[in-house]
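One structure is given here, and the rest of the page talks about it.
The values are calculated or read from the model by the stated rules, or taken from the named source; none is laboratory data. Predicted, not measured: the structure shown is a model, and the values here were computed from it. For neighbour counting, all protein chains shown are included, and Cβ atoms are generated from backbone atoms with ideal geometry for every residue, glycine included. We work out accessible area using only protein heavy atoms, side chains counted, and drop any ligands, DNA or RNA first. Shrake-Rupley method; radii C 1.70, N 1.55, O 1.52, S 1.80 Å.
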Amino acid sequence: MSSLDLRLNTHLTLAVTSNLQLRVRTQFSYVCADPYAVHVCFTITPAQAVRWTFARELLDQGTEFSVGLGDVKIAPVESSLGQYFSIELESPNGHARLEGPTAPVKSWIAKTYDAVPAGSEPEFLDIDRFFEEPSGR
C-alpha cells in the first residue's frame, strides 16, 4: 500500500452576503490509504478552520455537472472568467457556498486517479487504519 498524500493549496470565494465575498484559503487533500475520500480544509481565519470530507468521485463529477444531495452539493458555475465550480455545504451550524476555478482542481483530481485509478480503491484501502483511529473522525 502507498502512503502517498496529494495536496492542492488554492483559494475559493465564500459568499458571506449578496454584497460581501471572502477569499478563503483552501487545501484539498487525498491520502491513498483512504482512497474514496477527499479531505478539504477551509481556513477562515488563522484560528478558525472548517474541515469536510466527501467522496472523490463527487468532486470529480461536480466540476462537470451538478451532483450531490444533502450536506454536500457540487456543480459547475457559469462565469465570464472561465470555468468555475461551486461547493455548497450544509450542517446544523449553517450553510456555505464557495466558488473557485475548475482547472487546478481538475488537474489535482487527475493526479489522485493516477495514484489510485478508479475501480482499484479496494487495493489501497487501509482497513486497519480506521480501527486504530479514535472515533469522531
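Observations on the structure shown:
- Boolean, Ala103 is aliphatic (A, V, I, L, M), in contact (Cβ under 8 Å) with a residue 12 or more places away in the chain, open to solvent by 50 Å² or more (accessible area, probe 1.4 Å) and not in a strand (DSSP E or B): yes
- Subset of segment 58-84 that is among the polar types (S, T, N, Q) and in a loop (DSSP other than H, G, I, E, B) - its residue that is farthest from Ser107 (Cα to Cα): Ser80
- When residues of segment 36-65 are limited to those that are under 18 Å from Thr10 (Cβ atoms) and among the small types (Gly, Ala, Ser), the one least open to solvent (accessible area, probe 1.4 Å): Gly62
- Meets criteria (of a type in the set (Ser, Thr, Tyr), open to solvent by 50 Å² or more (accessible area, probe 1.4 Å) and closer than 23 Å to Val116 by Cα) for Tyr30: no
- Looking only at segment 78-94, and only at residues there that are within 16 Å of the chain's Cα centre (by Cα) and open to solvent by 30 Å² or more (accessible area, probe 1.4 Å), the one that is modelled with the lowest pLDDT: Ser91
- Subset of segment 1-57 that is outside any strand (DSSP E or B) and without any contact (Cβ under 8 Å) to a residue 40 or more places away in the chain - its residue that is nearest to Val72 (Cα to Cα): Val16
- Figure legend. Inter-residue proximity from segment 66-82: first residues over 15 Å from Thr13 (Cβ atoms), second residues open to solvent by less than 90 Å² (accessible area, probe 1.4 Å) and among the charged types (D, E, K, R), beta-carbon distance below 6 Å, spacing 6+ or different chains. Indicated pairs: Asp71/Glu90; Lys73/Glu88.
- Residue among Phe54, Phe42, Phe28 that alone is over 17 Å from Asp5 (Cα atoms) and either of a type outside the set (S, T, N, Q) or in contact with a Ser or Thr (Cβ under 6 Å, 6 or more places away or on another chain) (or both): Phe42
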